[in-house]
1. Tell me the label-point distance for the pair Asp118, Arg86, using the 7 Å Cα-to-Cβ offset, in nm and rounded to one decimal.
2. Round to a whole number: what % of the accessible area of segment 46-147 belongs to carbon and sulfur, probe 1.4 Å?
3. Given the whole protein assembly as supplied and a 1.4 Å probe, what does the accessible area of Met186 come to in Å², nearest 10?
4. So what's the gap between the Cα centers of segment 23-50 and segment 149-185, to the nearest angstrom?
5. Find the Rg to Rh ratio for segment 1-103, where Rh is the Kirkwood radius over alpha-carbon pairs and Rg uses the same atoms.
6. Whole-Hz ³J(HN,Hα) for each residue in segment 20-32, computed from phi via Karplus 6.51 cos²θ - 1.76 cosθ + 1.60 with θ = phi - 60°, x for glycine and proline: what do you get?
7. Pick from Asp85, Asp118, Asp165: which is most flexible by mean-square fluctuation in a GNM of the chain where alpha carbon atoms under 10 Å apart are linked?
8. To two decimal places, what compactness ratio does segment 102-228 give when its Cα radius of gyration is scaled by 2.2 N^0.38 Å?
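The values are calculated or read from the model by the stated rules, or taken from the named source; none is laboratory data. Being a predicted model, the structure only gives us computed values, none of them experimental. Cβ sites come from the backbone with ideal geometry, for glycine too, and all protein chains shown count toward neighbours. Areas reflect the complete protein model, heavy atoms only, side chains present, ligands, DNA and RNA absent. Shrake-Rupley method; radii C 1.70, N 1.55, O 1.52, S 1.80 Å.
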Amino acid sequence: MFISAFPAGPLAANCYVVAAAADRGAECVVVDPGQDAAGQLSSLLAEHGLAPAAVLLTHGHFDHVWSATEVARDQGVPVYVHAADRPLLTDPAKGLDPALAVQLSALLGQAALEEPDDLRELTGGETLALAGLELKVEHVPGHTPGSVCYGLAPDGAEPVLFTGDLLFAGSIGRTDFPGGDHGEIMRSLERVCRDWADGTDVRPGHGPQTTIARERATNPFLGDIPGR
């Protein structure tokens, strides 16, 4: 399996390109193309000769979805997002505190944000068959009402989980923005840590990759989550 990532925009949100194999001409999926991601993404796709089949969003915060409509239209592919976070695609201020909402409004000016032409809603529990991959969708509310993880279980290799802003190396997603809920995120984290093997390769929305085992052992926010 091929996975490549780069941090995009001022908030360094990780954008991932995932393919079943690193063969030129292969299809791939793009996870969370955020601010200023389109140019870097285009270069990465050209370098490896990959063709996107879909854009997958872990949640609706602007730093993860900023370039989704542009990428989807340029590539002619659908965008997947949980139904609960769909409103954030066209009104990102709904997911921010007042101070950040004012800053975002100044950045956007009078520009109207548009949904992708082909937008597909997720509910959680689906398995998406895209680009030769089978991606399990898990609804993990808490950071936002519509946060999801995308999981892969490739043959002969450890599982991979794209956690968005649910789980980071050494930390978890913030819950003080509108729509955040600390109790919800802790329940989501408990479920993920229970259902995914310790060796699972965690690819978070910000920062370096980690594993479920490492976070169980060292993440201060997971101390109260029971073992298997």
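1. 1.7 nm
2. Values: 2260 of 4470 Å².
Looking at segment 46-147 in its full context, I get 51 percent from C and S.
3. Probe radius 1.4 Å; accessible area of Met186 about 40 Å².
4. 22 Å
5. Values: Rg = 13.8 Å, Rh = 13.8 Å.
Radius of gyration over Kirkwood radius for segment 1-103 works out to 1.00.
6. In residue order, the calculated couplings are 5, 8, 8, 7, 4, x, 6, 7, 8, 10, 10, 10, 6 Hz.
7. With Cα springs under 10 Å in the chain, the top fluctuation among Asp85, Asp118, Asp165 is at Asp118.
8. Numbers: Rg = 16.1 Å, N = 127, 2.2 N^0.38 = 13.9 Å.
Compactness ratio reported: 1.16.
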